[in-house]
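Participant: Quick one: this structure, given as structure tokens, is what I'll be asking you about.
The values are calculated or read from the model by the stated rules, or taken from the named source; none is laboratory data. What you see is a predicted model, and the numbers here were worked out from it, not measured in a lab. Glycine also receives a Cβ, built like all others from the backbone with ideal geometry; neighbour counts cover every protein chain displayed.
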Amino acid sequence: MRQEKKSISAEYVQRLNTAPFFIVVDYTGLKVQHFSELRKRLRVSGAEIHVVKNTIFRIAAKEAGIADLTGALTGQISVITGPKDISAAAKVLKSFTAEFEKPKVRFGYLNNQRIEAAGIATLADLPSIEVLRSKFLGLLQTPASQLVRVLNEPANALARVLKAKSEQAPPTA
């Protein structure tokens with residue numbers, strides 16, 4: 001392999017090793033301005049898309065310790081990677097595909113586990129990591145707040161009884 005291809009392959013190996021996920025899409029028929037728009041939208045979500053040659057990406061994936069992708073890489077492909085969660089990139093990809101009907105999702109990898117196109121669509125439907133964390137925190141706080149209410153109720157009931165008693169007119173003799 002030429003030195004230029006080796007350096008490109010090394011760059012992709014580094015990207016695959018640092019990113020927790022990658023998504024392979026077929027961008028056939030996607031116009032340049034649409035591809036640029038997809039790139040902008042992905043950048044906002046913290047992901048990147050790169051057009052890559054099949055042979056170079058196959059070599060980089062093999063060097064990064066990912067399963068053999070020999071039969072999976074055909075046609076014009078681009079690869080989406082990112083340091084954040086996959087669901088944000090999948091959401092952008094799903095909305096873009098609904099808008100322009102391209103690119104076509106082939107497959108992806110999340111922590112060295114292969115995910116098919118249907119699995120990536122499911123990830124796109126998940127709420128963001130921030131929303132999931134806030135829901136989880138709410139679930140953790142609910143029992144504690146209910147416990148505080150239960151512990152305070154006898155004192156509150158006593159206070160209501162004493163207040164009602166004090167508001168009653170004193171009995172006349």
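Participant: So in region 76-91, with the set limited to residues that are of a type outside the set (S, T, N, Q) and within 25 Å of residue 8 (Cβ to Cβ), which one is farthest from the chain's Cα centre (by Cα)? Write out each step before concluding.
Facilitator: In the first step, residues of region 76-91 are kept if they are of a type outside the set (S, T, N, Q); the result is 77, 79-80, 82-86, 88-91.
Keeping just the survivors that are within 25 Å of residue 8 (Cβ to Cβ) gives 77, 79-80, 82-84, 86, 89.
Working: 77: 21, 79: 16, 80: 13, 82: 10, 83: 10, 84: 7, 86: 4, 89: 6 Å.
Among residues in region 76-91 that are of a type outside the set (S, T, N, Q) and within 25 Å of residue 8 (Cβ to Cβ), the one farthest from the chain's Cα centre (by Cα) is 77.
Participant: Within the group 55, 97, which residue is of a type outside the set (Asp, Glu), touching a Lys or Arg at 6+ places or on another chain (Cβ under 8 Å) and surrounded by fewer than 20 Cβ atoms within 10 Å (Cβ to Cβ)?
Facilitator: Of the residues listed, the single one that is of a type outside the set (Asp, Glu), touching a Lys or Arg at 6+ places or on another chain (Cβ under 8 Å) and surrounded by fewer than 20 Cβ atoms within 10 Å (Cβ to Cβ) is 97.
Participant: Identify, by number, the condition in (1) among the hydroxyl-bearing types (Ser, Thr, Tyr); (2) assigned to a helix (DSSP H, G or I); (3) touching a residue at least 40 places away in the same chain (Cβ under 8 Å) that residue 36 doesn't meet.
Facilitator: Condition (3) is where residue 36 drops out.
Participant: Is at least one residue of region 107-130 touching a helix residue (DSSP H, G or I) at 6+ places or on another chain (Cβ under 7 Å), of a type in the set (Val, Ile, Thr) and modelled with pLDDT of 85 or more?
Facilitator: yes
Participant: Can you name the condition, by its number, that residue 64 falls short on among (1) surrounded by fewer than 17 Cβ atoms within 10 Å (Cβ to Cβ); (2) in contact with a helix residue (DSSP H, G or I) (Cβ under 8 Å, 6 or more places away or on another chain); (3) over 14 Å from residue 104 (Cα atoms)?
Facilitator: It fails just one condition, (1).
Participant: Additional query: Which condition from (1) at pLDDT 90 or above; (2) surrounded by 20 or more Cβ atoms within 10 Å (Cβ to Cβ) is the one that residue 21 breaks?
Facilitator: (1)
Participant: Given (1) under 23 Å from residue 130 (Cβ atoms); (2) surrounded by fewer than 18 Cβ atoms within 10 Å (Cβ to Cβ); (3) touching a residue at least 24 places away in the same chain (Cβ under 8 Å), where does residue 5 come up short, assuming only one miss?
Facilitator: (1) is the only condition that residue 5 fails.
Participant: Quick one: which of 44, 25, 52 is more than 21 Å from residue 123 (Cα to Cα) and touching a residue at least 24 places away in the same chain (Cβ under 8 Å)?
Facilitator: 52
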